[in-house]
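Written out below as structure tokens is the structure these notes cover.
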Amino acid sequence: MRKKQEKFKIWFKRMLFVAYILLFCIIAGEITVRIFFDRLTNYNMEMWRYAAKLKQPLENEKLPFHHYPNREGGFYGVHIKTNSLGFRDGEYPLEKTPDKERILFVGDSFTLGWGVAFDELYSKKLEKRLNETGNKYEVINTGIGNYNSTMEVELFKLKGLPLKPDIVILMYFINDVEPVPEIKTSLGYHAIKHSYFFSFLFDRFVKVRSLMLKNYSWCDYYAGLYSEENASNLNKNKASLEELIHICKTKDISLYIVNIPEMHDFENYQFTYATDYIRSVAEEGEVPFMDLLPTLKKHAPETMWVSPEDPHANGKANAIIAEVIYDKLMMDRSSNDH
């Protein structure tokens with residue numbers, strides 16, 4: 001019996017020693033990454049930092065997070081500040097004045113304007129363009145990074161509808177059919193959320209995984225989102241979009257659906273299946289549809305990216321997108337007047 005106790009003590013001391021070493025490494029790693037973060041940071045780590053600082057978890061299966069209100073920070077080279085509703089925009093009263101028309105952009109990180117200065121967002125570019133002949137329009141940006149269509153519609157119901165928009169513009173991207181992420185607000189979640197060291201390790205894991213899995217392709221990943229194996233998520237996505245269409249028709253809100261193309265290669269475009277999917281949803285719901293590919297493909301893709309590692313739409317692309325939408329709105333307005 002005494003020998004067993006002695007063996008247990010030895011084993012316990014060894015485990016305790018290992019635990020101390022691990023704790024020391026974690027603390028040392030956390031301190032080191034925080035000190036050298038500006039030199040280490042990249043797209044993955046900045047996305048993590050944006051989520052850690054600006055995203056508030058919610059107890060909602062269809063809307064697991066949205067932005068904290070009235071928060072700000074510098075992310076991927078630009079300043080992002082949220083208003084009292086949690087949107088990256090200025091303050092707008094719930095009750096709009098009778099002489100103004102209110103337009104609401106609904107979307108993900110493209111609409112948020114990841115890596116793009118506030119004045120260069122397509123929502124702000126459109127607002128400026130519309131108001132060249134008078135201050136008659138308010139264009140509100142409700143975009144949040146890492147949202148899918150289901151989450152966008154839930155946020156619209158929660159915070160967009162009370163703003164009483166006259167026009168809603170849904171900006172659709174190929175990965176908007178991804179499943180709604182699960183956010184568990186446990187102690188471990190909060191530790192990971194605030195750990196710079198974890199973000200560093202996760203970034204390295206992503207890079208090593210892509211090297212080890214030589215057959216892995218983001219093109220195949222996107223194709224898988226629209227395959228029969230992902231039918232359940234596709235059905236949920238379509239149901240959410242149909243709900244948005246129904247709400248807008250019921251509330252007499254003009255709805256537009258805009259397809260943002262995958263930005264890597266315009267000439268040899270491989271993702272027409274995603275365009276066909278969202279176009280069919282728009283046509284079935286009798287909603288005006290815009291595909292940005294024909295206009296954007298006139299330009300070299302790399303001139304439209306936020307950075308060489310990140311093909312989010314940059315300021316130049318945002319300006320082009322705003323102009324396409326402006327032309328469509330003016331064309332429809334002219335047709336209605338006649």
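FYI, it's all coordinate maths here, none of it is from the lab. Quantities reported herein were computed from a predicted structural model and do not represent experimental measurements. Note: ideal-geometry Cβ built from the backbone for every residue, glycine included; neighbour counts use all protein chains shown.
Could you sort out which of Lys53/Lys128; Lys81/Lys125; Lys136/Lys164 sit more than 22 Å apart by Cα distance in this structure?
Details: Lys53/Lys128 30 Å; Lys81/Lys125 18 Å; Lys136/Lys164 15 Å.
Distance filter (> 22 Å) returns Lys53/Lys128.
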| request: Using the number of other C-beta atoms within 10 angstrom as an exposure proxy, rank Trp11, Trp305 with the fewest first. | output: Trp11, Trp305
| note | Partner aspartates and glutamates whose C-alpha sits under 15 Å from that of Lys124, ignoring same-chain residues fewer than 8 away, are Asp89, Glu91, Glu101, Glu132, Glu138, Glu323
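Using a cut-off of 11 Å between beta-carbons, work out the net charge of the residues near Gly73 (Lys and Arg +1, Asp and Glu -1, Gly73 not included).
On the way: positive: Arg49, Lys53, Arg71, Lys81; negative: Glu46, Glu72.
Net charge around Gly73: +2.
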| request: Report the label-to-label distance for Glu229 and Lys249 in nanometres (one decimal), using points 7 Å from each Cα along the Cα→Cβ vector. | output: 3.5 nm
| field | Karplus-derived 3J(HN,Hα), 6.51/-1.76/1.60, for each residue of the range 218-235, Hz, glycine and proline x | value | 5, 5, 5, 4, 4, 4, x, 5, 10, 8, 4, 4, 9, 4, 4, 5, 4, 5
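Using alpha carbons only, what's the Rg to Rh ratio of the range 232-338 with Rh from Kirkwood?
On the way: Rg = 15.6 Å, Rh = 15.4 Å.
With Rh from the inverse mean 1/r over Cα pairs, Rg/Rh is 1.01.
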| Ranking Phe105, Phe156 by Cβ neighbours within 10 Å, fewest first, what do you get? | Phe156, Phe105
| note | Scalar couplings 3J(HN,Hα) for the range 78-89 by Karplus 6.51 cos²θ - 1.76 cosθ + 1.60 (θ = phi - 60°), nearest whole Hz, x for Gly and Pro, are 10, 8, 10, 10, 9, 8, 5, 9, x, 9, 7, 6
| request: Sort out for me the Cα centre separation of the range 50-107 from the range 257-291, rounded to whole Å. | output: 26 Å
